[in-house]
Amino acid sequence: MPEKLLDERLPLFMRPIPARKTDPFTSQIGAGEAILSGRISKQERAVLAALKQFPGSTSGELAQAMRADRYLPSRRLPSLEGQGYVRRGILKRRCAVTNMLCIVWFPEKGAACDCL
């Protein structure tokens, strides 16, 4: 397990930027600022905590449980998955919030919020 999500101790050029290469330069700057401020790491911790409380949720259900914008978990879950903190469920199911067929997410064993 990584010691800390999006480790703020790394120089900015060594951190993955959560913006596409095709995004405008201003989006790249905004993504860098979100990392430096610790906002992304804080959001990742909140999403992981909610998922530990509600395993098997869709991103829409997590957003509702967190009282957050519906895009927040949608953006953070893939990053958490890449870092080994969460995994996608094998089967999709109908989301109770969007009524659409969606991916369900589970925390990985040993993914502790306090070590992030």
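A few comments on the model shown:
- Extreme residue, farthest from ALA31 (Cα to Cα), among residues of the stretch 73-113 that are of a type in the set (A, V, I, L, M) and touching a Phe, Trp or Tyr at 6+ places or on another chain (Cβ under 7 Å): ALA111
- Among the residues of the stretch 51-84, those identified as in contact with a Pro (Cβ under 8 Å, 6 or more places away or on another chain), surrounded by 15 or more Cβ atoms within 10 Å (Cβ to Cβ) and modelled with pLDDT under 95 are ARG75, SER79, GLN83.
- Applying the set (1) over 13 Å from ALA46 (Cα atoms); (2) modelled with pLDDT of 95 or more; (3) among the hydrophobic types (A, V, I, L, M, F, W, C) to LEU91 leaves exactly one unmet item: (2).
- Of all residues in the stretch 99-116, those that are modelled with pLDDT of 95 or more and part of a loop (DSSP other than H, G, I, E, B) total 4.
- Residue-level check: of (1) within 19 Å of GLY38 (Cβ to Cβ); (2) among the polar types (S, T, N, Q); (3) touching a helix residue (DSSP H, G or I) at 6+ places or on another chain (Cβ under 7 Å), GLN83 misses just (3).
- Within the stretch 25-57, the set of residues being outside any helix (DSSP H, G or I) and of a type outside the set (A, V, I, L, M, F, W, C) comprises GLY38, PRO55, GLY56, SER57.
- The condition of being modelled with pLDDT under 80, under 19 Å from GLY82 (Cβ atoms), surrounded by 12 or more Cβ atoms within 10 Å (Cβ to Cβ) and touching a helix residue (DSSP H, G or I) at 6+ places or on another chain (Cβ under 9 Å) holds for only one of LEU48, LEU6, that being LEU6.
- Which numbered condition ALA34 fails, given (1) surrounded by 15 or more Cβ atoms within 10 Å (Cβ to Cβ); (2) modelled with pLDDT of 95 or more: (2)
The values are calculated or read from the model by the stated rules, or taken from the named source; none is laboratory data. The structure displayed is predicted, hence computed values, not measured ones. Backbone-built Cβ (ideal geometry, glycine too); neighbour counts: all protein chains shown.
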